[in-house]
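Worksheet: one structure, shown below.
The values are calculated or read from the model by the stated rules, or taken from the named source; none is laboratory data. Fair warning: this is a prediction, and the values are worked out from it, not measured in the lab. Cβ: placed from backbone, ideal geometry, glycine included. Neighbour counts: every protein chain shown.
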Amino acid sequence: MKKILLSLLVALIGITHFNKVKAQSEEELVQICTMVAGEAEYLKDFRIKLDAGDPPPVQRFPVLLKKDIKYRFTVCNSKDFEGKVILQLFDNNRQLATTYIVATGKDYPYIDWVCTKTGAYHLVYSFRDGKAGLAVGLLSMVGTM
Amino acid sequence: MRKLHFIYFLSLLTITTQVFTACNSCKKQGVDITQDLYVPDSVIEVAPPQVSKAVTEQMMQNISSPVETAALIKGLKVPFNKSFLANTKQAEKFNTNFEKAFALGLYGCDLGYLNMYEKTSFVVDYISTIKRLADDIQVGQFFDFNTLKRLATNNENLDSLILISQQSFNRIDAYLAETNRSMLSAVIVAGVWVEGAYISSRVAQINNHPKMRETIGEQKTILNYLIALLKVYENDPSMANLIDRLNKIKKIYDEVKITYEIGEPEMIEENGVLTFKQTDKQIVEMNDELYQELIAGIQELRFDLLKL
(Lines give C-alpha, C1' and ligand atoms only; values in the text may rest on other atoms or scores of the structure.)
Protein backbone atom coordinates (compact mmCIF):
# COMPACT_ATOMS: atom_id res chain seq x y z
CA MET A 1 0.00 0.00 0.00
CA LYS A 2 2.88 2.32 0.94
CA LYS A 3 4.49 1.63 -2.44
CA ILE A 4 1.26 2.45 -4.24
CA LEU A 5 0.90 5.73 -2.42
CA LEU A 6 4.55 6.56 -3.08
CA SER A 7 4.08 5.85 -6.79
CA LEU A 8 1.04 8.08 -6.94
CA LEU A 9 2.94 10.83 -5.13
CA VAL A 10 5.87 10.56 -7.57
CA ALA A 11 3.47 10.74 -10.53
CA LEU A 12 1.67 13.75 -9.05
CA ILE A 13 4.90 15.63 -8.36
CA GLY A 14 6.09 14.79 -11.88
CA ILE A 15 2.90 16.17 -13.47
CA THR A 16 2.85 19.28 -11.28
CA HIS A 17 6.53 19.96 -11.92
CA PHE A 18 6.13 19.50 -15.68
CA ASN A 19 3.14 21.84 -15.78
CA LYS A 20 5.04 24.47 -13.84
CA VAL A 21 8.05 24.26 -16.14
CA LYS A 22 5.84 24.55 -19.20
CA ALA A 23 3.76 27.39 -17.83
CA GLN A 24 6.69 29.40 -16.49
CA SER A 25 8.92 29.11 -19.45
CA GLU A 26 7.16 31.43 -21.94
CA GLU A 27 5.60 33.74 -19.35
CA GLU A 28 8.96 34.15 -17.63
CA LEU A 29 10.56 34.98 -20.94
CA VAL A 30 7.94 37.68 -21.53
CA GLN A 31 8.72 39.17 -18.10
CA ILE A 32 12.48 39.04 -18.76
CA CYS A 33 11.97 40.60 -22.18
CA THR A 34 9.87 43.39 -20.64
CA MET A 35 12.76 44.17 -18.29
CA VAL A 36 15.29 44.07 -21.14
CA ALA A 37 13.11 46.49 -23.13
CA GLY A 38 13.56 49.00 -20.29
CA GLU A 39 11.48 52.17 -20.39
CA ALA A 40 9.73 51.29 -23.65
CA GLU A 41 5.96 50.74 -23.36
CA TYR A 42 4.87 47.14 -23.98
CA LEU A 43 2.62 46.64 -26.99
CA LYS A 44 2.65 42.96 -27.90
CA ASP A 45 4.63 39.75 -27.44
CA PHE A 46 5.34 36.94 -29.85
CA ARG A 47 6.09 33.34 -28.83
CA ILE A 48 8.58 31.56 -31.05
CA LYS A 49 9.20 27.83 -30.97
CA LEU A 50 10.97 26.15 -33.83
CA ASP A 51 12.52 22.76 -34.48
CA ALA A 52 16.02 22.38 -35.90
CA GLY A 53 16.23 22.47 -39.69
CA ASP A 54 18.22 23.30 -42.77
CA PRO A 55 17.40 25.82 -44.15
CA PRO A 56 16.51 27.32 -40.75
CA PRO A 57 12.73 27.30 -40.17
CA VAL A 58 11.13 30.68 -39.62
CA GLN A 59 8.09 32.02 -37.83
CA ARG A 60 6.43 35.16 -39.23
CA PHE A 61 4.11 37.67 -37.66
CA PRO A 62 2.40 40.52 -39.51
CA VAL A 63 2.27 43.85 -37.66
CA LEU A 64 0.96 47.31 -38.43
CA LEU A 65 3.50 49.99 -37.56
CA LYS A 66 2.73 53.69 -37.49
CA LYS A 67 4.64 56.67 -38.78
CA ASP A 68 6.53 58.87 -36.30
CA ILE A 69 6.79 56.18 -33.65
CA LYS A 70 10.07 54.75 -32.44
CA TYR A 71 9.55 51.04 -31.77
CA ARG A 72 11.75 48.66 -29.85
CA PHE A 73 12.04 44.99 -30.82
CA THR A 74 13.41 42.85 -28.00
CA VAL A 75 14.34 39.17 -28.17
CA CYS A 76 14.87 36.72 -25.32
CA ASN A 77 16.06 33.13 -25.64
CA SER A 78 15.05 30.24 -23.45
CA LYS A 79 17.98 28.73 -21.55
CA ASP A 80 16.50 25.28 -22.15
CA PHE A 81 17.35 25.39 -25.86
CA GLU A 82 20.55 25.88 -27.80
CA GLY A 83 19.09 28.13 -30.49
CA LYS A 84 19.78 31.88 -30.48
CA VAL A 85 16.91 33.80 -31.98
CA ILE A 86 17.30 36.32 -34.80
CA LEU A 87 14.64 38.87 -35.71
CA GLN A 88 14.40 40.37 -39.16
CA LEU A 89 11.95 43.15 -39.98
CA PHE A 90 10.56 43.06 -43.50
CA ASP A 91 8.47 45.38 -45.64
CA ASN A 92 7.25 43.11 -48.45
CA ASN A 93 10.44 41.27 -49.37
CA ARG A 94 12.82 44.03 -48.31
CA GLN A 95 14.78 43.48 -45.11
CA LEU A 96 14.77 46.69 -43.09
CA ALA A 97 16.31 45.77 -39.76
CA THR A 98 17.72 42.82 -37.82
CA THR A 99 18.98 41.90 -34.36
CA TYR A 100 21.95 39.99 -35.82
CA ILE A 101 24.54 41.74 -37.95
CA VAL A 102 26.25 39.08 -40.06
CA ALA A 103 29.26 41.31 -40.93
CA THR A 104 30.24 41.79 -37.29
CA GLY A 105 28.72 38.62 -35.87
CA LYS A 106 27.11 40.80 -33.21
CA ASP A 107 23.80 39.92 -31.60
CA TYR A 108 21.63 42.62 -30.04
CA PRO A 109 19.09 41.95 -27.26
CA TYR A 110 17.00 44.73 -28.76
CA ILE A 111 16.96 47.11 -31.69
CA ASP A 112 15.08 50.36 -32.21
CA TRP A 113 13.14 51.17 -35.36
CA VAL A 114 12.12 54.69 -36.33
CA CYS A 115 9.05 54.24 -38.49
CA THR A 116 8.33 56.80 -41.22
CA LYS A 117 5.59 54.93 -43.07
CA THR A 118 2.32 53.64 -41.62
CA GLY A 119 1.59 50.17 -42.92
CA ALA A 120 1.99 46.42 -42.63
CA TYR A 121 5.37 44.90 -41.88
CA HIS A 122 6.52 41.38 -41.12
CA LEU A 123 8.54 40.16 -38.17
CA VAL A 124 10.47 37.06 -39.20
CA TYR A 125 12.04 35.03 -36.40
CA SER A 126 14.54 32.19 -36.88
CA PHE A 127 17.26 30.52 -34.83
CA ARG A 128 20.90 30.90 -35.80
CA ASP A 129 22.36 27.94 -37.71
CA GLY A 130 18.92 26.37 -37.83
CA LYS A 131 19.12 25.08 -34.26
CA ALA A 132 15.99 24.29 -32.29
CA GLY A 133 14.90 27.05 -29.98
CA LEU A 134 12.31 28.72 -27.84
CA ALA A 135 12.19 32.50 -27.59
CA VAL A 136 9.98 35.48 -27.02
CA GLY A 137 9.92 38.63 -29.11
CA LEU A 138 8.56 41.87 -27.72
CA LEU A 139 7.19 44.85 -29.58
CA SER A 140 7.25 48.03 -27.54
CA MET A 141 7.13 51.75 -28.07
CA VAL A 142 10.05 54.00 -27.13
CA GLY A 143 8.20 57.20 -27.95
CA THR A 144 7.03 59.52 -30.69
CA MET A 145 9.25 61.46 -33.06
CA MET B 1 2.82 -6.32 -7.66
CA ARG B 2 0.40 -6.28 -10.62
CA LYS B 3 -1.34 -3.32 -8.98
CA LEU B 4 1.98 -1.50 -8.72
CA HIS B 5 2.70 -2.09 -12.43
CA PHE B 6 -0.71 -0.73 -13.26
CA ILE B 7 -0.05 2.43 -11.21
CA TYR B 8 3.30 2.90 -12.97
CA PHE B 9 1.63 2.43 -16.34
CA LEU B 10 -1.11 4.90 -15.42
CA SER B 11 1.46 7.48 -14.25
CA LEU B 12 3.50 7.04 -17.42
CA LEU B 13 0.40 7.41 -19.56
CA THR B 14 -0.66 10.58 -17.70
CA ILE B 15 2.79 12.17 -18.05
CA THR B 16 2.94 11.23 -21.75
CA THR B 17 -0.47 12.82 -22.28
CA GLN B 18 0.73 15.96 -20.54
CA VAL B 19 3.81 16.09 -22.76
CA PHE B 20 1.74 15.78 -25.92
CA THR B 21 -0.77 18.37 -24.72
CA ALA B 22 2.08 20.75 -23.97
CA CYS B 23 3.59 20.22 -27.41
CA ASN B 24 0.26 21.00 -29.05
CA SER B 25 0.02 24.29 -27.23
CA CYS B 26 3.44 25.41 -28.44
CA LYS B 27 2.94 24.27 -32.01
CA LYS B 28 4.52 26.40 -34.72
CA GLN B 29 2.00 29.18 -35.16
CA GLY B 30 3.05 30.58 -38.46
CA VAL B 31 2.35 29.18 -41.83
CA ASP B 32 3.79 31.25 -44.63
CA ILE B 33 1.53 34.21 -44.19
CA THR B 34 3.72 36.62 -46.10
CA GLN B 35 2.10 35.29 -49.22
CA ASP B 36 -1.36 36.07 -47.85
CA LEU B 37 -0.74 39.70 -47.16
CA TYR B 38 0.26 41.89 -50.02
CA VAL B 39 1.50 45.24 -48.88
CA PRO B 40 1.49 47.91 -51.55
CA ASP B 41 4.89 49.48 -51.89
CA SER B 42 5.81 52.54 -53.87
CA VAL B 43 2.30 52.96 -55.11
CA ILE B 44 0.19 55.94 -56.02
CA GLU B 45 -2.88 54.86 -54.11
CA VAL B 46 -3.17 52.34 -51.31
CA ALA B 47 -5.10 49.37 -52.66
CA PRO B 48 -7.42 47.65 -50.17
CA PRO B 49 -5.41 44.72 -48.79
CA GLN B 50 -6.44 41.10 -49.20
CA VAL B 51 -6.25 39.39 -45.83
CA SER B 52 -6.67 35.72 -44.98
CA LYS B 53 -8.19 34.41 -41.73
CA ALA B 54 -4.75 33.26 -40.48
CA VAL B 55 -3.35 36.76 -40.91
CA THR B 56 -6.48 38.23 -39.34
CA GLU B 57 -5.95 36.35 -36.11
CA GLN B 58 -2.27 37.24 -35.87
CA MET B 59 -2.60 40.87 -36.80
CA MET B 60 -5.74 41.56 -34.83
CA GLN B 61 -4.43 43.36 -31.77
CA ASN B 62 -1.93 45.40 -33.68
CA ILE B 63 -4.33 47.08 -36.11
CA SER B 64 -5.20 49.84 -33.75
CA SER B 65 -3.40 50.48 -30.51
CA PRO B 66 -4.73 52.86 -27.85
CA VAL B 67 -1.21 53.43 -26.55
CA GLU B 68 0.20 54.55 -29.91
CA THR B 69 -2.72 56.90 -30.67
CA ALA B 70 -2.55 58.50 -27.23
CA ALA B 71 1.26 58.80 -27.38
CA LEU B 72 1.06 60.62 -30.73
CA ILE B 73 -1.46 63.09 -29.31
CA LYS B 74 0.46 63.62 -26.08
CA GLY B 75 3.65 64.02 -28.13
CA LEU B 76 2.09 67.13 -29.68
CA LYS B 77 1.66 68.55 -26.18
CA VAL B 78 -2.11 68.59 -26.54
CA PRO B 79 -3.58 68.86 -23.02
CA PHE B 80 -5.79 66.11 -21.60
CA ASN B 81 -9.49 66.58 -22.27
CA LYS B 82 -12.02 64.35 -20.49
CA SER B 83 -14.81 65.38 -22.88
CA PHE B 84 -13.07 63.40 -25.66
CA LEU B 85 -13.89 60.17 -23.85
CA ALA B 86 -17.04 58.08 -23.91
CA ASN B 87 -19.16 58.33 -20.78
CA THR B 88 -19.04 55.05 -18.83
CA LYS B 89 -22.77 55.36 -18.05
CA GLN B 90 -23.44 54.67 -21.70
CA ALA B 91 -22.00 51.14 -21.30
CA GLU B 92 -25.41 49.98 -20.05
CA LYS B 93 -26.89 50.64 -23.47
CA PHE B 94 -24.90 47.82 -25.04
CA ASN B 95 -26.91 44.62 -25.01
CA THR B 96 -25.59 41.96 -27.35
CA ASN B 97 -22.16 40.30 -27.20
CA PHE B 98 -21.32 42.10 -30.44
CA GLU B 99 -22.19 45.51 -28.95
CA LYS B 100 -20.38 44.70 -25.71
CA ALA B 101 -17.23 43.67 -27.56
CA PHE B 102 -17.36 46.91 -29.54
CA ALA B 103 -17.77 48.90 -26.31
CA LEU B 104 -14.88 46.94 -24.75
CA GLY B 105 -12.61 48.20 -27.53
CA LEU B 106 -13.96 51.72 -27.26
CA TYR B 107 -13.45 52.00 -23.49
CA GLY B 108 -10.11 50.17 -23.85
CA CYS B 109 -8.95 52.97 -26.12
CA ASP B 110 -10.15 55.53 -23.57
CA LEU B 111 -8.20 53.65 -20.89
CA GLY B 112 -5.07 53.92 -23.06
CA TYR B 113 -5.62 57.67 -23.32
CA LEU B 114 -6.11 58.01 -19.54
CA ASN B 115 -3.04 55.88 -18.80
CA MET B 116 -0.88 57.86 -21.19
CA TYR B 117 -1.90 61.13 -19.49
CA GLU B 118 -1.58 59.47 -16.06
CA LYS B 119 -5.14 60.44 -15.11
CA THR B 120 -5.45 57.69 -12.53
CA SER B 121 -8.43 59.31 -10.78
CA PHE B 122 -10.61 58.39 -13.79
CA VAL B 123 -9.01 55.00 -14.42
CA VAL B 124 -10.97 53.03 -11.79
CA ASP B 125 -14.29 54.02 -13.38
CA TYR B 126 -13.10 52.87 -16.81
CA ILE B 127 -11.53 49.60 -15.65
CA SER B 128 -14.74 48.78 -13.73
CA THR B 129 -16.75 49.32 -16.91
CA ILE B 130 -14.29 47.28 -18.97
CA LYS B 131 -14.34 44.46 -16.40
CA ARG B 132 -18.18 44.32 -16.51
CA LEU B 133 -18.21 44.21 -20.30
CA ALA B 134 -15.43 41.60 -20.34
CA ASP B 135 -17.32 39.44 -17.81
CA ASP B 136 -20.44 39.67 -19.96
CA ILE B 137 -18.63 38.17 -22.93
CA GLN B 138 -16.87 35.60 -20.69
CA VAL B 139 -13.36 36.98 -20.93
CA GLY B 140 -13.32 38.87 -17.61
CA GLN B 141 -10.82 36.41 -16.12
CA PHE B 142 -8.13 37.80 -18.43
CA PHE B 143 -8.63 41.38 -17.38
CA ASP B 144 -6.44 41.89 -14.32
CA PHE B 145 -8.88 44.22 -12.59
CA ASN B 146 -7.49 43.95 -9.05
CA THR B 147 -3.90 44.77 -10.00
CA LEU B 148 -5.02 47.62 -12.24
CA LYS B 149 -7.27 49.01 -9.51
CA ARG B 150 -4.44 48.84 -6.96
CA LEU B 151 -2.00 50.55 -9.32
CA ALA B 152 -4.50 53.28 -10.18
CA THR B 153 -5.73 53.84 -6.62
CA ASN B 154 -2.25 54.09 -5.15
CA ASN B 155 -1.01 56.11 -8.11
CA GLU B 156 1.94 53.75 -8.29
CA ASN B 157 4.06 52.53 -11.19
CA LEU B 158 2.20 54.01 -14.14
CA ASP B 159 4.31 52.02 -16.61
CA SER B 160 2.89 48.86 -15.05
CA LEU B 161 -0.61 50.25 -15.52
CA ILE B 162 -0.02 50.49 -19.26
CA LEU B 163 1.75 47.11 -19.37
CA ILE B 164 -0.99 45.23 -17.51
CA SER B 165 -3.81 46.96 -19.43
CA GLN B 166 -2.16 46.06 -22.72
CA GLN B 167 -1.38 42.49 -21.65
CA SER B 168 -4.96 42.02 -20.45
CA PHE B 169 -6.29 42.97 -23.89
CA ASN B 170 -3.72 40.71 -25.60
CA ARG B 171 -4.80 37.79 -23.40
CA ILE B 172 -8.46 38.45 -24.19
CA ASP B 173 -7.57 38.41 -27.88
CA ALA B 174 -5.61 35.14 -27.55
CA TYR B 175 -8.42 33.49 -25.59
CA LEU B 176 -11.08 34.55 -28.08
CA ALA B 177 -8.96 33.09 -30.88
CA GLU B 178 -8.47 29.83 -28.92
CA THR B 179 -12.20 29.51 -28.33
CA ASN B 180 -13.09 30.24 -31.96
CA ARG B 181 -14.57 33.62 -31.14
CA SER B 182 -12.12 35.67 -33.18
CA MET B 183 -15.01 37.68 -34.56
CA LEU B 184 -15.39 39.34 -31.15
CA SER B 185 -11.67 40.17 -31.20
CA ALA B 186 -12.18 41.86 -34.55
CA VAL B 187 -15.10 43.85 -33.11
CA ILE B 188 -12.95 44.94 -30.13
CA VAL B 189 -10.30 46.16 -32.56
CA ALA B 190 -12.97 48.06 -34.50
CA GLY B 191 -14.05 49.73 -31.24
CA VAL B 192 -10.46 50.74 -30.50
CA TRP B 193 -10.06 52.18 -33.99
CA VAL B 194 -13.34 54.15 -33.94
CA GLU B 195 -12.52 55.71 -30.55
CA GLY B 196 -8.89 56.41 -31.49
CA ALA B 197 -9.96 58.07 -34.74
CA TYR B 198 -12.62 60.03 -32.82
CA ILE B 199 -10.15 61.33 -30.22
CA SER B 200 -7.75 62.27 -33.05
CA SER B 201 -10.57 64.09 -34.85
CA ARG B 202 -11.42 66.09 -31.70
CA VAL B 203 -7.75 67.00 -31.27
CA ALA B 204 -7.57 67.96 -34.96
CA GLN B 205 -10.34 70.51 -34.39
CA ILE B 206 -8.31 72.38 -31.80
CA ASN B 207 -4.78 71.77 -33.03
CA ASN B 208 -3.51 72.71 -36.49
CA HIS B 209 -0.26 70.77 -36.27
CA PRO B 210 0.53 69.12 -39.66
CA LYS B 211 1.06 65.82 -37.83
CA MET B 212 -2.60 65.84 -36.79
CA ARG B 213 -3.63 66.32 -40.39
CA GLU B 214 -1.42 63.42 -41.41
CA THR B 215 -2.71 61.25 -38.54
CA ILE B 216 -6.28 61.79 -39.74
CA GLY B 217 -5.30 61.16 -43.38
CA GLU B 218 -3.23 58.03 -42.80
CA GLN B 219 -6.20 56.38 -41.09
CA LYS B 220 -7.06 55.50 -44.69
CA THR B 221 -4.33 52.81 -44.62
CA ILE B 222 -5.43 51.48 -41.21
CA LEU B 223 -9.13 51.56 -42.11
CA ASN B 224 -8.45 49.54 -45.25
CA TYR B 225 -6.80 46.83 -43.15
CA LEU B 226 -9.55 46.99 -40.56
CA ILE B 227 -12.32 46.56 -43.13
CA ALA B 228 -10.40 43.69 -44.75
CA LEU B 229 -10.19 41.99 -41.34
CA LEU B 230 -13.86 42.54 -40.55
CA LYS B 231 -14.89 41.19 -43.95
CA VAL B 232 -13.72 37.74 -42.87
CA TYR B 233 -16.86 37.70 -40.69
CA GLU B 234 -19.23 39.61 -42.98
CA ASN B 235 -21.76 36.77 -43.00
CA ASP B 236 -22.76 37.83 -39.51
CA PRO B 237 -25.57 40.45 -39.82
CA SER B 238 -24.18 42.67 -37.04
CA MET B 239 -20.75 42.60 -38.66
CA ALA B 240 -22.23 43.36 -42.08
CA ASN B 241 -23.94 46.36 -40.51
CA LEU B 242 -20.70 47.59 -38.93
CA ILE B 243 -18.85 47.17 -42.24
CA ASP B 244 -21.59 49.19 -43.99
CA ARG B 245 -21.10 52.06 -41.53
CA LEU B 246 -17.31 51.91 -41.90
CA ASN B 247 -17.65 51.83 -45.68
CA LYS B 248 -19.37 55.22 -45.55
CA ILE B 249 -16.27 56.78 -44.03
CA LYS B 250 -14.07 54.69 -46.34
CA LYS B 251 -15.79 56.35 -49.31
CA ILE B 252 -14.62 59.73 -48.04
CA TYR B 253 -11.15 58.29 -47.43
CA ASP B 254 -10.98 57.05 -51.01
CA GLU B 255 -10.42 60.70 -51.98
CA VAL B 256 -7.29 60.94 -49.80
CA LYS B 257 -4.13 60.36 -51.81
CA ILE B 258 -1.22 58.60 -50.12
CA THR B 259 2.08 58.23 -51.96
CA TYR B 260 5.43 56.85 -50.88
CA GLU B 261 9.04 57.52 -51.71
CA ILE B 262 11.20 54.55 -50.94
CA GLY B 263 14.60 54.93 -49.29
CA GLU B 264 17.23 52.70 -47.71
CA PRO B 265 17.14 52.43 -43.90
CA GLU B 266 20.04 53.96 -41.97
CA MET B 267 21.76 52.06 -39.18
CA ILE B 268 23.24 53.92 -36.22
CA GLU B 269 24.81 52.44 -33.09
CA GLU B 270 24.93 54.75 -30.09
CA ASN B 271 25.82 53.70 -26.55
CA GLY B 272 25.38 50.08 -27.54
CA VAL B 273 21.85 50.65 -28.85
CA LEU B 274 21.38 49.80 -32.51
CA THR B 275 18.80 52.02 -34.20
CA PHE B 276 17.46 51.59 -37.70
CA LYS B 277 15.95 54.72 -39.16
CA GLN B 278 13.56 54.25 -42.02
CA THR B 279 14.03 56.83 -44.75
CA ASP B 280 10.87 56.06 -46.72
CA LYS B 281 8.59 59.06 -47.10
CA GLN B 282 4.84 58.95 -46.76
CA ILE B 283 2.96 61.82 -48.37
CA VAL B 284 -0.71 62.30 -47.47
CA GLU B 285 -2.60 64.70 -49.70
CA MET B 286 -6.07 66.14 -49.17
CA ASN B 287 -7.66 69.57 -49.38
CA ASP B 288 -9.18 71.42 -46.43
CA GLU B 289 -12.72 70.55 -47.45
CA LEU B 290 -11.92 66.84 -47.52
CA TYR B 291 -10.09 67.13 -44.17
CA GLN B 292 -13.16 68.70 -42.54
CA GLU B 293 -15.39 66.11 -44.17
CA LEU B 294 -13.26 63.33 -42.67
CA ILE B 295 -13.37 64.89 -39.20
CA ALA B 296 -17.16 65.25 -39.40
CA GLY B 297 -17.54 61.74 -40.83
CA ILE B 298 -15.48 60.12 -38.06
CA GLN B 299 -17.43 61.97 -35.37
CA GLU B 300 -20.76 61.06 -36.92
CA LEU B 301 -19.71 57.41 -37.08
CA ARG B 302 -18.72 57.36 -33.42
CA PHE B 303 -21.88 59.13 -32.24
CA ASP B 304 -23.94 56.76 -34.35
CA LEU B 305 -22.24 53.70 -32.89
CA LEU B 306 -22.49 55.05 -29.37
CA LYS B 307 -26.24 55.49 -29.93
CA LEU B 308 -26.15 59.12 -28.90
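Tell me, please, whether a residue that is more than 7 Å from chain B (Cβ to nearest Cβ) and out of contact with any Gly (no Cβ under 8 Å at 6 or more places or on another chain) can be found in segment A:48-58. There is at least one residue in segment A:48-58 that is more than 7 Å from chain B (Cβ to nearest Cβ) and out of contact with any Gly (no Cβ under 8 Å at 6 or more places or on another chain).
Which residues, counting only those in segment B:95-131, are of a type outside the set (Phe, Trp, Tyr), in contact with a helix residue (DSSP H, G or I) (Cβ under 6 Å, 6 or more places away or on another chain) and closer than 12 Å to B:Leu148 by Cα? B:Leu111, B:Asn115, B:Thr120, B:Val123, B:Val124, B:Asp125, B:Ile127, B:Ile130, B:Lys131, listed by residue number. In the set (1) modelled with pLDDT of 90 or more; (2) farther than 19 Å from A:Phe127 by Cα; (3) within 9 Å of chain B (Cβ to nearest Cβ), the condition left unmet by A:Leu12 is number (1). I need the full set of residues from segment B:266-292 which are surrounded by fewer than 16 Cβ atoms within 10 Å (Cβ to Cβ), among the acidic types (Asp, Glu) and not in a strand (DSSP E or B), in order please. Hits for segment B:266-292 are B:Asp288, B:Glu289. For segment A:94-145, filtering for residues that are free of Cβ contacts under 8 Å to residues at least 40 places away in the same chain and among the charged types (D, E, K, R) leaves 3.
For A:Glu82, the conditions (1) facing chain B (nearest Cβ under 7 Å); (2) acidic (Asp, Glu); (3) over 26 Å from B:Ile216 (Cβ atoms) are fulfilled apart from (1). Of the residues making up segment A:104-120, those that are within 27 Å of A:Ser78 (Cβ to Cβ) and not hydroxyl-bearing (Ser, Thr, Tyr) number 7.
Determine whether A:Val124 is at pLDDT 95 or above, under 18 Å from the mean Cα position of the chain (by Cα), of a type in the set (A, V, I, L, M) and crowded, with 21+ Cβ neighbours inside 10 Å. Considered against the rule, which asks whether it is at pLDDT 95 or above, under 18 Å from the mean Cα position of the chain (by Cα), of a type in the set (A, V, I, L, M) and crowded, with 21+ Cβ neighbours inside 10 Å, A:Val124 comes out as no.
A count restricted to segment B:174-201 and to residues that are assigned to a helix (DSSP H, G or I) and more than 18 Å from B:Ile227 (Cα to Cα) stands at 8.
Counting only residues that are charged (D, E, K, R) and touching a Ser or Thr at 6+ places or on another chain (Cβ under 7 Å), segment B:254-308 holds 4 of them. As a summary of the residue check, B:Ala240 satisfies the conditions (1) free of Cβ contacts under 8 Å to residues at least 24 places away in the same chain; (2) within 14 Å of another protein chain (Cβ to nearest Cβ) except for the one numbered (2). May I ask you to list the residues in segment B:180-195 that are farther than 20 Å from A:Phe46 by Cβ, modelled with pLDDT of 90 or more and not charged (D, E, K, R)? B:Met183, B:Leu184, B:Val187, B:Ala190, B:Gly191, B:Trp193, B:Val194 - these are the residues of segment B:180-195 that are farther than 20 Å from A:Phe46 by Cβ, modelled with pLDDT of 90 or more and not charged (D, E, K, R). Against the condition touching a residue at least 60 places away in the same chain (Cβ under 8 Å) and among the charged types (D, E, K, R), how does A:Asp91 come out, does it pass? It is false that A:Asp91 is touching a residue at least 60 places away in the same chain (Cβ under 8 Å) and among the charged types (D, E, K, R). Can you report the number of residues in segment B:250-265 which are touching a strand residue (DSSP E or B) at 6+ places or on another chain (Cβ under 7 Å), charged (D, E, K, R) and surrounded by 13 or more Cβ atoms within 10 Å (Cβ to Cβ)? Summing the residues that are touching a strand residue (DSSP E or B) at 6+ places or on another chain (Cβ under 7 Å), charged (D, E, K, R) and surrounded by 13 or more Cβ atoms within 10 Å (Cβ to Cβ) in segment B:250-265 gives 1.
Just so you know, in segment B:152-180 the residues that are more than 14 Å from chain A (Cβ to nearest Cβ) and crowded, with 17+ Cβ neighbours inside 10 Å include one that is farthest from the chain's Cα centre (by Cα), and it is B:Ala152. In the set B:Ile258, B:Ile227, B:Ile222, only one residue is farther than 21 Å from B:Met183 by Cα, within 14 Å of chain A (Cβ to nearest Cβ) and either in a loop (DSSP other than H, G, I, E, B) or in contact (Cβ under 8 Å) with a residue 24 or more places away in the chain (or both); that residue is B:Ile258. Restricting segment A:88-131 to residues that are over 19 Å from B:Gln282 (Cα atoms) and β-branched (Val, Ile, Thr) leaves a set whose member that is nearest to the other protein chains (Cβ to nearest Cβ) is A:Ile111.
Rundown of residues vs (1) among the β-branched types (Val, Ile, Thr); (2) at pLDDT below 90, yes/no style:
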{"position": "B:Glu156", "(1), (2)": "no, yes"}
{"position": "B:Ile162", "(1), (2)": "yes, yes"}
{"position": "B:Ala177", "(1), (2)": "no, yes"}
{"position": "B:Ala197", "(1), (2)": "no, no"}
{"position": "B:Ala204", "(1), (2)": "no, no"}
{"position": "B:Asn208", "(1), (2)": "no, yes"}
{"position": "B:Thr215", "(1), (2)": "yes, no"}
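In the set (1) free of Cβ contacts under 8 Å to residues at least 12 places away in the same chain; (2) within 26 Å of B:Gly75 (Cα to Cα), B:Ile216 fails one condition alone, (1). Tallying residues that are surrounded by 16 or more Cβ atoms within 10 Å (Cβ to Cβ) and farther than 24 Å from B:Glu261 by Cα within segment A:76-108 yields 12.
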